[in-house]
Amino acid sequence: MNADIFAEWLRLQYHTVVRTENSYWYDSGPRVYQAFPYHWLISPDEKEVNGFLTEHKAIGLRYSTPLESAVGAHSYHAIYDGTEYHLELLGKSARKNIRRGLKNCRVEPVTFELLADEGWNLQLDTLDRQGRELRLTKSTWERRMLAARDLPGFEAWGAFVGNHLGASVITFTMDDWLYMLYQQCRREYLPQHVNNALSFVVTQTMIERKPQVAILYGLHSLDAPPSVDEFKFRMGYRAKAVRQRVAFHPTLSPLFNRASHLALKHARRWMPNNPTLAKMEGMIRFYLQGKQPLDEQPYPPSLSSSDGDLYYESKN
């Protein structure tokens, strides 16, 4: 399985996909491009970056780069790279919640047709619970799910309470990496710990199937609440330290400064659930932080729990 299959999935969703010397890119927002494969750490030079932005009339782009790079915001990838995965490797609270989840629900592979249909309500509920406004239509969601059904490497999983789909996730295997994508859950089933059961079963299944696989549970988000990644770390995943770089078109970059960032932060107070404002604020925040030396940047807040523990290592 390779990046071309993932690129085809994006194209089937009507995304624009571009290949450059160092990476693939797709339009993750209006005239904004994200690099993929997500686990690649790339270091394109300014000629490649500015040439891409100019040629494709893009406002900005975003990619992950090594920690020792000269630019980029202090960031991380949530990953699991152990060769085994079982309850004894996890903390007491995680073990308790997983056992409750496994008692209350069953986790099994599902069809992409099921997720295209029943998964839409999970998507709506998850975004609403996280205070994030919807940016897609039901037809776009259906196309996203159905685009994966005939492509090798994609799988769909669901957690059921009785006959009701309580949580779901899709996975994609690329060489020795596996991506966890679009995990979502109905809030009424959160007390049954369906997310814990789903994450545990899928992670354990994939590690048993291919012990050398590393699992990417997601990138440090521009706008998701810290609780999203804290859940992953409590499930035994760790934060792989990287830098994330945001670059803007050279003619527009002077507009993205501390004053415009402050204005966006004020606008978000008036419209806290607006996805465009949230992403733009995050882009400018990463851009401004990324120009500072690493030791002068703020520590990513998602790496700390409420009691101050750090999640760079799995907790036992």
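The values are calculated or read from the model by the stated rules, or taken from the named source; none is laboratory data. Here the structure is a predicted model, which is why all the values come from computation and not from measurement. Note that each Cβ is placed from the backbone with ideal geometry, even for glycine, and that neighbours are counted across all protein chains shown. Keep in mind that these areas ignore ligands, DNA and RNA; they rest on the heavy atoms of the full protein, side chains included. Shrake-Rupley method; radii C 1.70, N 1.55, O 1.52, S 1.80 Å.
Approximating the spin labels as points 7 Å out from Cα along Cα→Cβ, the residue 124-to-residue 259 distance works out to 4.4 nm. With a ≥ b ≥ c the root eigenvalues of the C-alpha gyration tensor of segment 142-191, is it rounded (a/c under 1.5), prolate (a/b larger than b/c) or oblate? In terms of gyration-tensor shape, prolate. With θ taken as phi - 60° and the Karplus curve 6.51 cos²θ - 1.76 cosθ + 1.60 applied, the whole-hertz 3J(HN,Hα) list for segment 116-123 is 4, 8, 6, x, 4, 5, 5, 4 Hz, x standing for glycine and proline. Sorting the segments 21-34, 168-181 by their residues' average number of neighbouring beta-carbon atoms within 10 angstrom, most packed first, yields 168-181, 21-34.
Surface composition of the chain: carbon plus sulfur atoms contribute 52% of the solvent-accessible area (1.4 Å probe, protein chains only, all chains present). Taken about its Cα centre, the chain carries a charge dipole of roughly 920 debye when the Cβ of each Lys and Arg holds +1 and the Cβ of each Asp and Glu holds -1. Take segment 124-202 with all the other protein chains still there, run a 1.4 Å probe, and you get 40 Å² of accessible area per residue. Against the chain, whose longest principal axis is taken from its Cα atoms, helix 3-12 shows a tilt of about 90°. For segment 32-76 versus segment 132-178, the inter-centroid distance based on Cα atoms is 27 Å. The slack between residue 268 and residue 67, meaning 0.36 nm per residue of separation minus the straight C-alpha distance, is 69.4 nm. A simple charge model with +1 on the Cβ of Lys and Arg, -1 on the Cβ of Asp and Glu and nothing else charged puts the dipole of segment 9-100 at about 720 debye relative to its Cα centre. Here the Karplus relation 6.51 cos²θ - 1.76 cosθ + 1.60, evaluated at θ = phi - 60°, turns the backbone of segment 70-75 into coupling constants of 6, 10, x, 6, 4, 8 Hz, with x for every Gly and Pro. Per residue, the average separation of C-alpha pairs within less than 8 Å and at least 6 apart gives segment 11-87 a relative contact order of 23 percent. Taken one residue at a time, the phi angles of segment 275-286 give Karplus couplings (6.51, -1.76, 1.60, θ = phi - 60°) of x, 5, 5, 5, 5, 5, 4, x, 4, 5, 4, 5 Hz. Gly and Pro are set to x. Tell me the relative contact order for segment 101-163 as a rounded percent, counting alpha carbon contacts under 8 Å between residues six or more apart. The normalised contact order for segment 101-163 reaches 60 percent. Shown here for segment 58-126: GluC sites (Glu not before Pro) in loop regions (DSSP other than H, G, I, E, B) with at most 10 other Cβ atoms within 10 Å, namely 68, 84. With the convex hull constructed from alpha-carbon coordinates only, the chain shows a mean projected area of 15.9 nm² over all directions. Of 264, 198, the residue with the largest accessible area leads and the full order is 264, 198 (1.4 Å probe). For residue 24, the residues 5 or more places off, or on other chains, whose built amide H falls under 5 Å of its own are 36. What percent does the relative contact order of the chain come to when contacts are Cα pairs within less than 8 Å and at least six residues apart? In percent, rounded to a whole number, it is 26. Taking amide H atoms as placed 1.01 Å from N in the peptide plane, the amide H of residue 73 lies under 5 Å from those of 244, 245, 246, 290, each 5 or more residues away in sequence or on another chain. Here's the picture: charge each Lys and Arg Cβ at +1 and each Asp and Glu Cβ at -1 in the chain, and of 30, 192, 153 the one pushed furthest to the positive end of that dipole is 192.
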